[in-house]
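Report on one structure; see the data block that follows.
The values are calculated or read from the model by the stated rules, or taken from the named source; none is laboratory data. Computed from a prediction, not measured in an experiment: that's the story for all the values here. As a convention, Cβ positions derive from the backbone with ideal geometry for all residues, glycine included, and neighbour counts pool all protein chains shown.
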Amino acid sequence: MSSPAWRRTTVFPMLALLLILAFPAATPAAGTATSVPAAQQARAAYRVEKVTEEWTMWDGEKLPLSVFYPADARPGEVFPAILVVHGWGMDKSMGEWVADHYASRGYVALAFTVRGWFGAGGEVGCMGPDTEMKDVSHIITLLGRDPRFPVMKDERGPVVGITGSSMGGCFSYLMAPRRNPRPGDPGDPRIRTAVPMHGSFDLLFSLYPNGVVKFLWVTLLLSTAYLGNLSGFMINVVNVIIDERMDGCQKLQAIMESAGKLVPLISDVDQQLFHIYEVALTRNEEEEGEAKEFFKLRSARYWCDGEYDGKVEHPITVPMLILAGWNDDLFYANEGLMAYRYTDAPKKIIITNHGHLGCYPGPFPFPGITGAPESAWVREQVDRWFDRFLKGVQNGVDREPGVVFYRHTDPEVYGKAATYPLPGTRQWSLYLGGGDGDGRGRLVSRLSAGDAGCDLLVNLGISGSVSLPYIHDAPQLLGGDPLTIPTRITLLHLPFSEVSYTSAPLPREVTVMGPPLFALFYQPSAKLTQLVPWLYEVTPEGEEVLVSRGFYEGHSDDVWMKQGTECPQEMQACYHRFRKGSRIKLVLSVADLPTSWPYPG
């Protein structure tokens with residue numbers, strides 16, 4: 001007799017929260033850096049010269065790039081170099097805004113277009129160790145050999161830092177050197193410090209969190225890859241228009257040249273990207289392992305911890321300043337916190353309240369675009385970091401707290417701590433207690449005999465709610481206030497599509513910092529089981545505040561047999577203080593369109 005079309009899920013999750021009890025100050029160890037003369041450290045802004053051309057890569061492909069360098073340097077004066085990598089869907093124009101800024105501060109700064117993107121040779125790939133990462137190392141070599149550019153060198157070669165937002169942050173993680181690197185590791189020892197901004201440290205977790213395909217983001221990324229020529233052209237034209245170094249005729253010529261690069265309109269994309277997309281959406285088990293290996297090889301976590309067991313055999317060995325955001329729903333702050341733990345060198349992480357859209361702190365090309373209220377402060381921290389670890393400026397950045405994070409309880413004053421996990425924290429576990437049969441149960445600190453019941457979930461591939469990407473900070477780029485639209489919208493009530501569990505009122509404040517963990521035990525009627533946990537605060541006034549969310553998809557050939565997660569699964573990292581008298585609420589739903597790709601049982 002065949003099993004029914006619906007899935008009955010017996011759920012016994014455990015929710016674990018990390019509670020903050022103290023906020024000590026930090027004193028990281030100081031790092032080393034090549035020192036520059038004191039006169040260079042103190043002087044006013046340099047006049048900047050820009051060189052734009054194409055450089056031939058190791059395989060013959062040509063990449064457009066721009067080098068910005070101090071034009072009024074004294075004879076024999078040399079400067080550290082900074083590579084700026086643009087985001088997905090962009091071109092070097094985005095990096096030029098940053099490169100110009102750093103050249104005026106006494107650096108040789110280079111912005112290049114990643115292969116396959118607008119105007120560059122090759123195919124749009126995905127940060128391949130043997131392609132895009134190899135390009136970066138080749139660019140460092142060519143920059144160091146070019147007599148036009150006064151690049152500082154030592155026994156290891158050019159003294160280089162790297163930074164970038166989104167994809168540029170991924171590059172920064174991957175290119176940072178690691179201890180005793182394994183064969184194929186893309187890290188380059190000539191890079192002395194890295195500043196990844198909202199990048200992925202683990203692409204497998206970013207796009208395949210706990211086995212669930214992050215459908216909305218994966219689809220947007222793939223679509224943008226094919227439209228990369230168009231998006232790159234648009235930002236390139238904007239960059240030409242605002243370039244004060246060009247007169248009208250030069251701008252017209254540059255725009256015409258850019259228009260010529262729009263043929264073909266659709267970018268040349270590595271066919272493997274669409275194949276992996278197809279494998280993920282069809283849940284092709286025969287090729288799923290290959291798809292996940294593709295993401296691992298493009299993740300800095302893999303090169304630090306090849307077994308994904310938390311044992312960091314090859315930690316990052318250069319100073320790292322990591323920027324992340326609590327609301328970044330593409331690259332969760334979890335990844336920045338993991339990168340922090342995987343770095344054995346001076347390190348610092350700054351976690352703002354931004355989503356992925358607000359990941360770039362500037363500088364911005366237009367006077368009217370100021371960024372979020374803290375953007376100028378974040379830029380200052382990045383400037384000081386490069387000055388300390390590329391120029392050797394004794395500015396005290398290595399003696400400041402290593403963990404700095406936004407707190408909704410005091411938005412103007414960021415929290416600070418010495419390390420992560422924060423000193424003085426402990427884990428607190430809650431369990432699912434018995435309910436009243438209507439999809440509502442209790443969260444309890446310990447289980448009793450009456451709490452060992454089961455809850456029924458029916459998976460139709462949809463639930464009565466939809467979730468939206470975090471775009472609330474978009475107006476802040478123009479100096480406005482963030483949007484107040486909800487992240488999750490309930491449209492209707494579908495019976496058996498979700499269950500909820502609520503704690504008793506809290507006798508005191510409870511503060512959570514980091515990723516909540518959940519463990520699941522269930523009995524499925526089908527091969528695959530998808531469950532989406534949501535964590536809320538229910539205030540004494542009855543308002544429900546979304547605190548964190550997560551994903552889980554389990555695979556089993558044995559239907560109706562008790563299954564479980566092999567280890568606790570991470571939800572989205574957060575900072576949240578539950579008020580005294582509030583209740584903690586956990587909701588488990590069977591789907592989360594359009595964020596995740598559902599499994600219709």
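Scan the stretch 44-77 residue by residue and report those that are part of a loop (DSSP other than H, G, I, E, B) and either surrounded by 19 or more Cβ atoms within 10 Å (Cβ to Cβ) or not assigned by TED's automatic domain parsing to the domain that holds Arg192 (or both).
Initial filter on the stretch 44-77 (part of a loop (DSSP other than H, G, I, E, B)): 44-47, 57-61, 71-77.
Result: Tyr46, Met57.
State whether the residues of the stretch 110-119 include one that is modelled with pLDDT of 95 or more and either β-branched (Val, Ile, Thr) or surrounded by fewer than 17 Cβ atoms within 10 Å (Cβ to Cβ) (or both).
Yes: one or more hits.
With the requirement that a residue be of a type in the set (Gly, Ala, Ser) and farther than 16 Å from Thr163 by Cα, what does the stretch 318-347 give you? Before you say what the answer is, go through the steps one by one.
Applying the first criterion (of a type in the set (Gly, Ala, Ser)) to the stretch 318-347 yields 324-325, 333, 336, 339, 345.
Matches in the stretch 318-347: Gly325, Ala333, Ala345.
Quick check: is even one residue across the stretch 270-282 surrounded by 14 or more Cβ atoms within 10 Å (Cβ to Cβ) and closer than 30 Å to Val238 by Cα? Spell out how you get there, then give the answer.
Within the stretch 270-282, the subset surrounded by 14 or more Cβ atoms within 10 Å (Cβ to Cβ) is 270, 272-273, 275-277, 279-280.
With closer than 30 Å to Val238 by Cα added as a condition, the list becomes 270, 273.
Yes, the stretch 270-282 contains at least one residue that is surrounded by 14 or more Cβ atoms within 10 Å (Cβ to Cβ) and closer than 30 Å to Val238 by Cα.
Sort through Leu252, Leu262, Leu216, Leu222 and tell me the only one that's free of Cβ contacts under 8 Å to residues at least 60 places away in the same chain and touching a strand residue (DSSP E or B) at 6+ places or on another chain (Cβ under 9 Å).
On the way: Leu252 fails: touching a strand residue (DSSP E or B) at 6+ places or on another chain (Cβ under 9 Å); Leu262 fails: touching a strand residue (DSSP E or B) at 6+ places or on another chain (Cβ under 9 Å); Leu216 fails: free of Cβ contacts under 8 Å to residues at least 60 places away in the same chain.
Just one listed residue meets the conditions, Leu222.
Considering Leu483, Leu531, Leu477, which residue is within 30 Å of Pro363 (Cβ to Cβ) and not in a loop (DSSP other than H, G, I, E, B)? It would help to see each step written out before you state the result.
Numbers: Leu483 fails: not in a loop (DSSP other than H, G, I, E, B); Leu531 fails: within 30 Å of Pro363 (Cβ to Cβ).
Within the list Leu483, Leu531, Leu477, the selection yields Leu477.
State which residue pairs qualify: first residue buried (at least 19 other Cβ atoms within 10 Å of the Cβ) and inside the stretch 418-444, second residue at pLDDT 90 or above and among the small types (Gly, Ala, Ser) in any location, beta carbons under 6 Å apart, and separation of 6 or more residues or different chains.
Leu443/Ser503
Residue check, Thr529 against (1) more than 23 Å from Ser463 (Cα to Cα); (2) crowded, with 22+ Cβ neighbours inside 10 Å, all met but one. Which one?
(1)
If I go through the stretch 127-175 residue by residue, how many of them are assigned to a loop (DSSP other than H, G, I, E, B), under 22 Å from the mean Cα position of the chain (by Cα) and of a type in the set (A, V, I, L, M, F, W, C)?
Selection size over the stretch 127-175: 1.
Given (1) modelled with pLDDT under 90; (2) surrounded by fewer than 16 Cβ atoms within 10 Å (Cβ to Cβ); (3) farther than 21 Å from Val510 by Cα, where does Ala376 come up short, assuming only one miss?
(1)
Can you pull out every residue in the stretch 132-156 that is in contact with a Lys or Arg (Cβ under 8 Å, 6 or more places away or on another chain), farther than 17 Å from Ser172 by Cβ and crowded, with 17+ Cβ neighbours inside 10 Å?
Listed by number, the list holds a single entry, Gly144.
In the stretch 466-475, how many are over 30 Å from Ser497 (Cβ atoms) and surrounded by fewer than 21 Cβ atoms within 10 Å (Cβ to Cβ)? I'd like the intermediate steps shown before the answer.
Step one: filter the stretch 466-475 for residues over 30 Å from Ser497 (Cβ atoms), giving 473-475.
Narrowing further to those that are surrounded by fewer than 21 Cβ atoms within 10 Å (Cβ to Cβ): 474-475.
Residues that pass the stated criteria total 2.
Considering the stretch 309-350 alone, what residues qualify as being of a type in the set (Val, Ile, Thr) and either under 13 Å from Ala176 (Cβ atoms) or not in a loop (DSSP other than H, G, I, E, B) (or both)? Please lay out each step first, then the result.
Going residue by residue through the stretch 309-350, those that are of a type in the set (Val, Ile, Thr) are 312, 316-318, 322, 343, 349-350.
Hits for the stretch 309-350 are Ile316, Thr317, Val318, Ile322, Thr343, Ile349, Ile350.
Testing Ile276 on (1) within 23 Å of the chain's Cα centre (by Cα); (2) part of a loop (DSSP other than H, G, I, E, B), one condition comes back false. Which one is that?
Failing condition for Ile276: (2).
Report, by residue number, each residue of the stretch 582-594 that is buried (at least 22 other Cβ atoms within 10 Å of the Cβ) and part of a loop (DSSP other than H, G, I, E, B).
Within the stretch 582-594, Val590, Ala591, Asp592 qualify.
Within the group Val393, Val403, Val397, which residue is modelled with pLDDT of 90 or more, buried (at least 21 other Cβ atoms within 10 Å of the Cβ) and touching a helix residue (DSSP H, G or I) at 6+ places or on another chain (Cβ under 6 Å)?
Of Val393, Val403, Val397, the one residue that is modelled with pLDDT of 90 or more, buried (at least 21 other Cβ atoms within 10 Å of the Cβ) and touching a helix residue (DSSP H, G or I) at 6+ places or on another chain (Cβ under 6 Å) is Val397.
Being within 21 Å of Val213 (Cβ to Cβ), modelled with pLDDT under 90 and either crowded, with 17+ Cβ neighbours inside 10 Å or touching a helix residue (DSSP H, G or I) at 6+ places or on another chain (Cβ under 9 Å) (or both) narrows it down to one of Tyr599, Tyr552, so name that one. Don't jump to the end; show me each part of the working.
Numbers: Tyr552 fails: modelled with pLDDT under 90.
That would be Tyr599, the only listed residue that is within 21 Å of Val213 (Cβ to Cβ), modelled with pLDDT under 90 and either crowded, with 17+ Cβ neighbours inside 10 Å or touching a helix residue (DSSP H, G or I) at 6+ places or on another chain (Cβ under 9 Å) (or both).
Met246 is checked against (1) part of a helix (DSSP H, G or I); (2) surrounded by 13 or more Cβ atoms within 10 Å (Cβ to Cβ); (3) of a type in the set (A, V, I, L, M, F, W, C) and fails just one. What number does that condition carry?
That leaves (1) as the condition not met.
Name the one entry in Pro515, Pro524 that is at pLDDT 95 or above, surrounded by 14 or more Cβ atoms within 10 Å (Cβ to Cβ) and not hydrophobic (A, V, I, L, M, F, W, C).
Numbers: Pro524 fails: at pLDDT 95 or above.
On inspection, the qualifying residue turns out to be Pro515.
Name the pairs: first residue in the stretch 138-155 and among the acidic types (Asp, Glu), second residue part of a loop (DSSP other than H, G, I, E, B) and surrounded by 15 or more Cβ atoms within 10 Å (Cβ to Cβ), Cβ to Cβ under 9 Å, at least 6 apart or on different chains?
Asp154/Thr34
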